[in-house]
1. Any idea which of (1) in contact (Cβ under 8 Å) with a residue 24 or more places away in the chain; (2) open to solvent by 40 Å² or more (accessible area, probe 1.4 Å); (3) closer than 24 Å to residue 94 by Cα is the one residue 292 doesn't satisfy?
2. Taking only the stretch 165-185 into account, find how many residues are over 16 Å from the mean Cα position of the chain (by Cα), among the small types (Gly, Ala, Ser) and over 14 Å from residue 117 (Cα atoms).
3. Looking at this structure, is residue 254 at pLDDT 80 or above and open to solvent by 40 Å² or more (accessible area, probe 1.4 Å)?
4. Please verify whether the stretch 87-97 includes one or more residues that are outside any loop (DSSP other than H, G, I, E, B) and more than 24 Å from residue 419 (Cα to Cα).
5. Modelled with pLDDT under 95 and open to solvent by 20 Å² or more (accessible area, probe 1.4 Å): is that true of residue 68 in this structure?
6. For the stretch 402-441, name all the residues that are at pLDDT 85 or above, outside any strand (DSSP E or B) and either among the basic types (Lys, Arg) or open to solvent by 60 Å² or more (accessible area, probe 1.4 Å) (or both).
7. In the set 329, 282, which member is more than 30 Å from residue 177 (Cβ to Cβ), in contact (Cβ under 8 Å) with a residue 60 or more places away in the chain and crowded, with 19+ Cβ neighbours inside 10 Å?
8. Residue 54 - would you say it is under 22 Å from residue 112 (Cα atoms), of a type outside the set (D, E, K, R) and open to solvent by 60 Å² or more (accessible area, probe 1.4 Å)?
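The values are calculated or read from the model by the stated rules, or taken from the named source; none is laboratory data. A quick note: this is a predicted structure, and the numbers were derived from the prediction, not measured. In this analysis, Cβ positions are derived from the backbone assuming ideal geometry, glycine residues included, and neighbour counts consider all displayed protein chains. In case anyone asks, the SASA skips ligands and DNA or RNA and just uses the protein heavy atoms, side chains included. Shrake-Rupley method; radii C 1.70, N 1.55, O 1.52, S 1.80 Å.
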Amino acid sequence: MFRISVLLGLLFVIQGASATEVATLFDSAYVDVAREGANIVASVNSATDLSAVTHSSLSDWVSALSSSQAALVPDLDYGYIQSYVTASQVSSIMSFVQNGGILVSATDSSRRNHYFLNKVFGWSVTRKSNYYSSYNPPRQAASEGTCFAEDQGSPATLKYQSYYTTFTDSNSLPSGSTALYSDGSRQVSVWSVEVGAGKVYMLAYDWSGGADEDWDWMLRTALKCDNDAEADKNTGSDKSKDEYTMSDVAVLMDWDYVDDEGDGANIKGSIDSDATLTAHEFDDLQEWVDALDAKKDGFLVALLPSLTDDAQDALDDNKDKIGDDLKRFVEDGGVLVSATDGSSRNHDFLNTVFDWELSVKDSTAGAITRQAGADGTCFSNATLMLNSSVTWTDRDDLPEDSVVLFSDGDRHVAAWRIAVKKGWVYMLAYDWSGGADEDWD
């Protein structure tokens, strides 16, 4: 098993080091920088161990994430940022959080901050209308064991800002979210959710009226909360282990289940051809699965080359260890990418792990083109090369909520993805048996 010790500058600073820099979106096209923006920056900077670094354009803010430990999105008063953020920027923001970064968003009476988070993370978070003319949301039991627990000094209630802010509807929260402050029903004023190794917070306060002692405490605590250290305290995890980023790919190369000198070697070579990625070979199926852990010290990205018949047998014989652990890895925020060849073996493998009913379509004469589902994503190629040695996924049998990226426009799907709780599964109809291909790579 290979180990490295880099996290692209996104590891949290050791307590007692210099102030944590908070990359703060300060683009006047979206933020009222003279009021809410200025007020929330002042609240951040009132803590000696935090330093708000403002960025006057969306592009500069996104670029700064690679060297920041925490990021802040103030109340978005103007425009609709989700219409202007690019696929590349979405990917960078997502990677920042998945690699361990903390993203904190304020919100006001509009839904712009909700829209922005939905665009980046693929959520469907919505606001809940304010039923109260005066209501101070209380701390919930779910806050215990977090940085917002009573024994951490958190306020018992938070100031309600009337029509200036909106609650989040608890029924729309992403899977795995924690409602820290709410009315005990559907109106949530502070919530958080883990995304890979990082965390996203949303606070129902916009700072339009200036500082508030309790909301300032919530803001600063969210930006400083070392969730990994918190987990270590509760589970005894050994954080001296090396850690991985989204740039590290755990590749199954067990010759019992993968052609490690053909398809496997070629797909690994394609990964290594990208200077921003590092392929890590695992020549044992069980060790590969054991190395995957999106919540702790394991790999965040896994690659499943085209498989042999024996792989399914190994999974069937040990589903509670291999299959369940692989499913848990994705649900916790991991990314699993599967190739496929002329058989249904990779489809069958995924069916067993995720309880799906994928089936294959054997051939197509149509061109494989980018579909509408690829819009706003990282996939911008116009066409993909047909590969006669692979089988396509039948569109009619895709899991519910799957997104078709490339297909013949009918039932032959060449590339698709699906969110599985906090993580993703991708399937590509290419086996790399013939070596590299620029578009498939």
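1. The single condition residue 292 does not satisfy is (2).
2. 5
3. no
4. Keep residues of the stretch 87-97 that are outside any loop (DSSP other than H, G, I, E, B), which gives 87-97.
Going one step further and asking which of them are more than 24 Å from residue 419 (Cα to Cα), we end up with none.
No, the stretch 87-97 contains no residue that is outside any loop (DSSP other than H, G, I, E, B) and more than 24 Å from residue 419 (Cα to Cα).
5. No, not satisfied.
6. Matches in the stretch 402-441: 410, 411.
7. 282
8. yes
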